[in-house]
Each structure stands twice: as C-alpha cells, then as structure tokens.
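Accompanying notes for the structure given below.
The values are calculated or read from the model by the stated rules, or taken from the named source; none is laboratory data. A quick note: this is a predicted structure, and the numbers were derived from the prediction, not measured. For neighbour counting, all protein chains shown are included, and Cβ atoms are generated from backbone atoms with ideal geometry for every residue, glycine included. These accessible areas exclude ligands, DNA and RNA; they are computed on the full protein's heavy atoms, side chains included. Shrake-Rupley method; radii C 1.70, N 1.55, O 1.52, S 1.80 Å.
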Amino acid sequence: MSGTQELQKVLDLFEQRIAAVESKVGVAGPPPPPPASTGGQDAAQVAAFDRYCTKSLEPFVQACAALNAPEATQCADHVKQAWSAMRGFIVAASVSKKPANFPGDCMALIKPCQEAMQGASKAISRGDWELHQKTVSEGVQCLSWLITSPGPKDVVESYIGGTDFHANKIRVKYKKTDQKQIVFCDTFKKLMTDLMAYVKEYHLTGVTFNPRGGDIGSAPVVAKENTPPPAQPTAKAGLASALAGLQNANDLQSKGLRKVTKDQQTWRKEFSGDKPAVVAKKAAPVKKQTVTRGPPSKKLLGKKWMVENYSKADGVVTIEVEPKFTVYIACCYEATLVINGKCNGVVLDASQKCQVVFDTCIASFEVVNCKSVKVQCKGTCPSIAIDKTDGILTYLSKETLPVTSFLTSKSSDMQVSFPNEKDEMVEAPIPEQFRHTAALVGGKPVLSTDVSDLYTH
C-alpha cells in the first residue's frame with residue numbers, strides 16, 4: 001500500500017469517528033464537499049487535457065484529412081477514439097477517490113481504452129499504408145500509462161521510439177516527393193511528446209484522483225466515439241471473398257462423408273466388401289505455446305532483482321534499482337518492462353516479443369536465448385551482449401552512442417537505431433555475414449576477417 005493510500009485510510013477513519021461523536025451530542029456536521037465537476041467546471045487536469053487536444057490532436061487529424069485517403073482517415077479515427085477513451089478515464093478519476101485495489105477496480109473504465117488499442121492493432125494491413133497504421137498502432141498503446149503508477153511519463157516516452165521507427169521509414173520514402181506525408185509524421189510525434197509533457201505536469205506519479213470524490217464504480221463509462229467505419233471492400237477483397245464462399249460451399253457439401261479406405265475401393269486388390277468404413281479422427285487443436293512457465297514473479301534477492309513469467313496482460317512492469325543492483329529477466333512473453341535508475345547490469349533471458357526500457361547500466365546489458373525483442377537505453381551503457389537471439393532492435397540515446405559497443409554471437413536479425421545530427425532516428429543492421437581469408441605469415445597460419453559486401457551498400 002502506498003503512502004497516499006495509507007493517509008487516505010486514516011482520514012476516512014478520522015471522519016467516521018467525528019461523525020459518530022457529532023451524532024451522539026446532537027450536532028450536525030457540515031455537508032460533504034461537492035465533487036470537482038459540480039457547477040460546470042472541469043478539474044484542472046481535464047481542462048488541460050482539452051487544451052492539449054486542441055493544440056496537438058486537431059493538427060494531426062487535419063494532416064490525415066490532407067492525405068485524402070480512406071486509410072489515413074481511418075488512422076485519424078483510431079486516434080480520436082483512443083484519445084476520447086483517455087479523456088473519459090481522466091474525467092472519471094477527477095471526480096472519484098483512488099480505489100484501494102488499483103487498477104483492478106477500474107477495469108470497466110479502462111475497457112474503452114483497451115478496445116481502442118485492439119482496434120488500432122487489428123487495422124494493420126499489407127499495402128502502401130502499412131507503415132502509417134503501424135505508427136498509429138504503436139502510439140495508441142501508450143494508453144497503458146493510465147494504469148501505471150508510479151512513472152506514467154516513462155510509459156509514454158517508451159512508445160515514442162517505437163512510433164519513430166515506423167515514421168522514419170515514411171519520412172525516408174516521401175522526403176522528396178510528398179510533404180504531406182512528412183506532416184503526418186511530425187504532427188503525430190508532436191501529439192506523443194506533448195502527451196508526455198502533459199502527463200509529467202498533471203499525473204507525475206499516476207493518474208490524478210480526487211481525494212474527496214465518490215466511488216470509482218459510480219463514475220460514468222465513456223461512450224464510444226469516432227469509431228472507425230469498416231473498410232470499403234476492394235476488388236481483391238471481393239475476389240477473395242468469392243473464393244472463400246466457394247470453399248465454404250464445398251466444405252458443406254463434403255461435410256459428414258465417410259473416408260473410403262483402400263480395402264473399400266473396388267478397383268484395388270486390397271478390396272474386401274465386409275468391413276465398415278473407418279471414420280477419420282479429428283486432430284486435437286494445437287495449443288498456443290508461450291515461454292512463460294508459471295505465475296508472474298518479481299523478487300529482490302539481496303542485490304539482485306528476479307523478474308519472471310510476465311506477459312502483456314500484466315501491464316507495464318516497473319523495477320526500481322540502485323547502482324549495486326543487477327536485474328535478471330527471464331521467461332517473459334509480450335511484456336513491457338521499465339527499469340528506473342542506475343544499475344550494475346541487466347540480463348534478458350529466454351523471452352519473446354518483450355520491450356525493455358532502462359536508464360543506465362554500469363557494466364553491460366545481456367540478451368540471451370530471446371526472440372523478437374526491443375531494448376531502449378535512455379542513459380548510457382558501455383556494452384551490449386547478444387547471444388543466441390533471433391530478432392532484436394536496440395535504441396540508443398545520443399549520450400551513449402560514443403561509448404556503447406556490441407558483442408554478438410550465434411544471433412540473427414539484429415538492428416540498431418540511434419539519432420543523427422538532426423535528432424532523427426536512423427537504423428543500421430549488425431552484420432551476420434563475414435568473409436574470411438587464410439594465409440601464412442612468417443610460417444604461421446593467420447586468418448583475416450572482413451564484413452561481407454552485403455552490408456556495404
């Protein structure tokens with residue numbers, strides 16, 4: 001239990017005892033204070049959010065409209081739906097006390113945010129607008145800051161790098177041909193960075209609740225607004241639908257037919273007419289395998305944090321460290337982990353599709369036996385070791401770029417992203433292919449190694 005919750009509990013108990021004494025002596029106490037929204041005035045954080053939306057959200061919507069494409073309009077609709085759900089949660093919190101079971105008691109209010117996040121992810125499709133959809137989808141996931149305490153600003157900041165990863169590809173593609181595409185990227189990044197500033201100012205340690213408000217369960221749930229319309233079917237989609245319909249018709253016609261074995265086929269020598277047909281057994285459905293091996297666990301053993309078995313459903317996992325601490329993260333799947341402070345070292349082991357954000361490592365950051373992970377260094381880290389890993393994207397800050405070195409072995413699909421002179425994120429691959437030449441020098445065998453020409457273009 002946090003200090004704020006303990007103080008609120010003491011205040012509530014104090015008020016109950018005063019009310020009991022007043023009732024015994026026949027003195028009527030003062031009426032309870034009205035909620036923050038009474039009188040038509042919004043709380044300061046709500047009014048500030050509306051000003052932020054006018055300043056940053058509307059330019060992004062206008063940039064999408066300027067592209068004059070249904071896919072761009074759909075991107076704007078997803079963002080408006082997500083930001084509307086975000087405002088609904090902030091308004092509900094401004095008139096409610098923080099529940100003792102946070103965020104468990106807020107799931108009804110957070111549901112519109114979850115639907116907006118899922119809708120943006122499902123809208124991604126192959127084509128010319130795939131990068132735009134991925135940019136928006138990555139940014140919308142930042143709504144998880146609403147249920148993060150402490151450090152919600154760090155959650156928003158962790159998703160800015162992901163949006164830049166896709167947006168920079170749009171900038172490179174349209175830099176000299178379509179300035180409207182660049183405006184799309186710039187306005188969306190401003191939307192994210194201004195949100196981070198807003199969260200830092202009004203929700204520094206978590207969403208701001210009203211200590212004198214009502215029960216969070218009685219707060220209104222925001223209605224769905226700006227729900228993206230269904231995509232118009234294209235010619236390819238119509239053909240695919242027709243083929244799928246024919247396939248379904250064939251499946252219905254053949255449903256229930258028995259399998260004819262060799263001994264029931266009259267033209268085969270194995271034919272025997274006295275045996276019934278063998279009905280084929282349905283194969284058992286294959287369960288989706290994940291890397292988690294038990295319930296989520298975060299323990300501090302001496303000076304070592306053991307973080308295991310976290311997944312996307314557990315939200316953002318925050319780890320507070322000191323310079324002598326080490327962090328060992330294992331068996332996590334689609335989890336987001338934020339390490340606050342300076343630590344001695346971090347090891348990410350046997351995890352898939354995870355995102356790890358850390359401030360500063362004194363020794364090294366190691367990635368072992370992982371697949372499709374992202375690592376972001378906001379401070380400095382002298383060494384990053386990658387071993388037996390398939391798919392890793394590392395974000396480096398400008399501060400750590402001159403001092404960081406990579407040590408790789410038995411790994412593939414490794415990328416590094418870092419800012420250039422204009423503070424734009426650029427990306428470079430870590431070589432996997434090398435050319436070796438053998439020779440005798442002074443009668444001793446010498447092997448020289450160069451990077452393959454594949455990485456020189």
In Å, what is the Rg of the alpha-carbon atoms in region 62-115, and how long is Dmax? 15.1, 48
Rank-order 101-109, 340-348 by packing density, defined as the average count of other C-beta atoms within 10 Å over each peptide's residues, highest first. 340-348, 101-109
Ordering of 134-144, 350-360 by burial proxy (mean other Cβ atoms within 10 Å per residue, highest first): 134-144, 350-360
Over region 372-414: Kirkwood hydrodynamic radius from C-alpha pairwise inverse distances, Å: 10.7 Å
So which GluC sites (Glu not before Pro) in region 407-442 pass both tests, a DSSP loop state and at most 10 other Cβ atoms within 10 Å of the Cβ? Glu421
Restricting attention to the alpha-carbon atoms of region 302-357, what are Rg (one decimal) and Dmax (integer), both in Å? 10.6, 30
Region 360-433: Kirkwood hydrodynamic radius (Cα pairs, Å) comes out at 12.4 Å
With all protein chains in place and a 1.4 Å probe, Tyr202 shows an accessible area in Å² (nearest 10) of 60 Å²
Val291, Val79, reordered so the largest accessible area comes first (probe 1.4 Å): Val291, Val79
How much accessible area does Arg87 have with a 1.4 Å probe, in Å² rounded to the nearest 10? 80 Å²
Roughly what would the spin-label model give for Ala69 and Ile124, points 7 Å off Cα along C-beta, in nm? 1.7 nm
Return, for the Cα atoms of region 285-424, the radius of gyration and Dmax in Å, separated by a comma. 14.7, 53
Using a Debye calculation, one point per C-alpha and no hydration shell, please list log10 I(q)/I(0) for region 68-179 at q = 0.13, 0.14, 0.18 Å⁻¹ in order. -0.55, -0.63, -0.92
Is there a quick way to get the dipole size of region 136-185? I mean about its Cα centre, with the Cβ of Lys and Arg at +1 and of Asp and Glu at -1; what is the value in debye to the nearest 20? 400 debye
Could you provide, to the nearest whole Å², the per residue accessible area of region 329-440 with probe 1.4 Å? 44 Å²
Using per-residue counts of other Cβ atoms within 10 Å, averaged over each peptide, order 297-306, 179-188, 316-325 from highest down. 179-188, 316-325, 297-306
